[in-house]
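Worksheet: the structure to be examined is printed underneath.
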Amino acid sequence: MNKPQEACQMQKGDRILKSVSCGNLEVTQSVQRPKILLLEDNKINVMVTQSMMKRLGHVIDVVNNGVEAVRAVQSHSYDLILMDVSMPMMDGLQATRIIRSYEETRNWDAAMQAGIAPPMHSFHSLPDSHFSISSLGRTPIIAVSIHLSI
């Protein structure tokens, strides 16, 4: 009869190392943590989201408006974008349209038309850019809009 499995998990940078042992056999697996972008201008919502993501073992990048979101996507690959809809400077819906335009055309013309300069370099040109869902086509973008009435 086999001994029960013992499992441990270690975080190293943006990777999670999982180790499972059963008897004399030990298997270690390296799992890439998803890269998440949060677009939110409310500081309390940012703190709550960061706390929740930390409990889940994730670290997130935070930007405060749609222009910053487009610039972040120009320079990094994200597996998930949590996008507030109502934002200063450029709302989340317009930022989403620009990001989707890039995914369809592979150029930043829509960003330039909105007054956002093209990136000096893109994560696509970097040799060590990590694999993500966005490299397969479209980055999942979740639109978030919270309105409280008192």
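So here's what we get for this one:
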quantity	calculated
S101, sole failed condition from (1) surrounded by 16 or more Cβ atoms within 10 Å (Cβ to Cβ); (2) under 18 Å from V144 (Cβ atoms)	(2)
Long-range neighbours under 9 Å by Cβ, at least six apart or interchain, first residue surrounded by 20 or more Cβ atoms within 10 Å (Cβ to Cβ) within segment 65-76, second among the hydroxyl-bearing types (S, T, Y)	G66/T96; A69/T96; V70/Y102; V73/Y102; V73/S134; V73/T139; Q74/Y102; Q74/S122
Segments classed as helices (runs of 4 or more DSSP H), wholly inside segment 42-120, with at least 3 members that are in contact with a strand residue (DSSP E or B) (Cβ under 9 Å, 6 or more places away or on another chain) and either more than 15 Å from I141 (Cα to Cα) or among the polar types (S, T, N, Q) (or both)	43-55
Tabulated pairs, segment 46-59, first closer than 22 Å to S145 by Cβ and open to solvent by less than 100 Å² (accessible area, probe 1.4 Å), second in a helix (DSSP H, G or I) and hydroxyl-bearing (S, T, Y), C-beta under 7 angstrom, 6+ apart or interchain	none
Qualifying residue in segment 3-16 (condition: closer than 18 Å to I141 by Cβ, exposed (fewer than 15 other Cβ atoms within 10 Å of the Cβ) and either modelled with pLDDT of 95 or more or not acidic (D, E) (or both))	no
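The values are calculated or read from the model by the stated rules, or taken from the named source; none is laboratory data. Since the model is a prediction, treat every value here as computed from it, not as a measurement. As a convention, Cβ positions derive from the backbone with ideal geometry for all residues, glycine included, and neighbour counts pool all protein chains shown. Side chains included, ligands, DNA and RNA excluded: accessible areas come from the protein's heavy atoms. Shrake-Rupley method; radii C 1.70, N 1.55, O 1.52, S 1.80 Å.
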